[in-house]
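K.L.:
This is the structure I want to talk about, given as structure tokens.
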Amino acid sequence: MTRTLLMLAALMLCGCSGDNNEVMAQTRQEKLQITIGGDTRQATLVDNAATQELVARLQQSPVTLSLDTNGSFEIWGPLGFSLPTSNQQITAQPGDIILYSGSNICLFCGSNSWSYTRLGHIDGMTETELRTFLHIGESGISVTLSLAGTTGIHQVRTNDYESKAYTLQGTLAQAGTKGIVIQNGKKVIR
């Protein structure tokens, strides 16, 4: 999977040609991993200021929280830091990940209407599976948030890329390297 993502990133980078000697590509991680009791599930993040800041924090290190059940529809608790809000009146659905009051996170297995900032959604789980995964009914639930897989290419800069060739893995291609390489900002088959 990581190799495929690296190849796609390299091909996207090759598709960019320019007249200057500086190439930059910005990507943002969109998958979040949620680990509870040794079980890890992925979630898809929405694109807003809150998730951008959350991703930046998670690039430094995972965050572990202690969350409690609220009613029978969510687990929630303090993040330990604040994120930017873009609150809207919404009805959270099972699997939704919500920012509440700028500094609390809520993971839903049921529904609730309130003014929230949407962060994302846990992928591919039924309401029953969510109840089990989230340990509904318990308190002091240890939840770890981390980034899934690679975070992509953050920044590529070079002032002299015209004479060098690179493999799809991003290493300098030695003389005699066979296969697809990146040279002069273009794909080259050797």
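K.L.:
Give me the number: length gained by fully extending residue 178 to residue 164, i.e. 0.36 nm times residue separation minus the C-alpha to C-alpha distance, one decimal in nm.
P.N.:
Answer, rounded to one decimal: 3.6 nm.
K.L.:
What's the extension gain from residue 90 to residue 46 if we count 0.36 nm per residue and subtract their Cα-Cα distance?
P.N.:
14.4 nm
K.L.:
For residue 187, list the lysines whose Cα falls under 27 Å from its own Cα; do not include residues on the same chain fewer than 8 positions away.
P.N.:
164, 178
K.L.:
Have a look at region 32-79 and give its Rg and Dmax from the Cα atoms, expressed in angstrom.
P.N.:
Radius of gyration, then largest Cα-Cα span, for region 32-79: 12.1, 33 Å.
Here, each number is a calculation from the coordinates, and none is a lab measurement. As the structure is a computational prediction, the values presented were derived from the model and not from experiment.
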